[in-house]
Amino acid sequence: MLSIKLTKNNLEQVLYRAVEALRKGNIVAYPTETFYGLGVKFDMEDPLKKLYDMKKRPKEKAMPLIIGDKQLLPILTESVNSLAIPLMEKFWPGPLTLIFQAKNNLSEYITAGTHKIAVRIPGESFALYLAKAALFPFTATSANLSGIPPAQDADTVIRYFGDKIDLLIDGGTTAGGLPSTIVDVTGRKIKILREGAIRKELLLKI
């Protein structure tokens, strides 16, 4: 495993290394605005399987993705309905994960057989910079074994996974806090699947 300490002066170099690692099918651990996440490129079956096995994640649990721009949504979904548009305008970038109908060619390691896809643009963080630099979707599953608290620092990531990770971006201790709110926008009304950092009342107002 390669670990790179993130500083104010090396952001561009670190982003380049991380994007190249994702393109090669590597597993990258990176800081988000809450905890550390684990990233693999969305369309690479073997790394996705390795990530599932590494986390001991139940196969029925879908794998969330992040993107750096709404223009990438057509890669993941056939359509974005009118319910989603005001939510994206208000809360992206930010802690709102939206559930869309998935394109048929997406891996079952991402959709978990649900024919749906979970995606967001992350809030201000290294994760956001990486998503913007990558220009392709990648996973944003938390850096933890299933059922264990997510990692808030690089040492915890190493303790959980060691050399199973190819590249670790050490951005210090993350802020923690509430996870993203998850909203299904595939029907005629929004369906709040998890109330997190964005409260239900605020969503219903929008």
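The values are calculated or read from the model by the stated rules, or taken from the named source; none is laboratory data. Here the structure is a predicted model, which is why all the values come from computation and not from measurement. Neighbour counts run over all protein chains shown; Cβ positions are idealised from the backbone, glycine included.
Does any residue in the stretch 101-129 that is farther than 15 Å from Lys41 by Cα and hydroxyl-bearing (Ser, Thr, Tyr) come within less than 8 Å, Cβ to Cβ, of a residue that is at pLDDT 95 or above and not in a loop (DSSP other than H, G, I, E, B) six or more places away or on a different chain, and which pairs are these?
That search, which allows pairs on different chains as well, returns Ser125/Pro31; Tyr129/Leu11; Tyr129/Leu15.
With respect to Leu135, is the statement that it is in contact with an Asp or Glu (Cβ under 9 Å, 6 or more places away or on another chain), surrounded by fewer than 22 Cβ atoms within 10 Å (Cβ to Cβ), among the aliphatic types (A, V, I, L, M) and within 22 Å of Gly171 (Cβ to Cβ) true? Explain how you work it out, then say what you get.
Working: in contact with an Asp or Glu (Cβ under 9 Å, 6 or more places away or on another chain): yes; surrounded by fewer than 22 Cβ atoms within 10 Å (Cβ to Cβ): yes; among the aliphatic types (A, V, I, L, M): yes; within 22 Å of Gly171 (Cβ to Cβ): yes.
Yes, satisfied.
Go through Asp170, Asp163 for me and flag whichever is exposed (fewer than 12 other Cβ atoms within 10 Å of the Cβ) and in contact (Cβ under 8 Å) with a residue 24 or more places away in the chain.
Only one candidate qualifies: Asp163.
If you check every pair at least six apart or on different chains, which have Cβ atoms under 6 Å apart with a residue in the stretch 188-206 that is touching a residue at least 60 places away in the same chain (Cβ under 8 Å) and surrounded by 12 or more Cβ atoms within 10 Å (Cβ to Cβ) first and a residue that is of a type in the set (Gly, Ala, Ser) and not in a strand (DSSP E or B) second?
Pairs found: Gly196/Ser180.
If you take just the helices (runs of 4 or more DSSP H) that sit entirely in the stretch 1-114, which of them hold at least 1 residues that are of a type in the set (Ser, Thr, Tyr) and at pLDDT below 95?
Numbers: elements: 11-23, 45-55, 73-76, 84-91, 108-111.
Ranges flagged: 45-55, 108-111.
Here are some conditions: (1) in contact (Cβ under 8 Å) with a residue 12 or more places away in the chain; (2) among the β-branched types (Val, Ile, Thr); (3) closer than 30 Å to Leu204 by Cβ. Ile85 meets all but one. Which one does it not meet?
(1)
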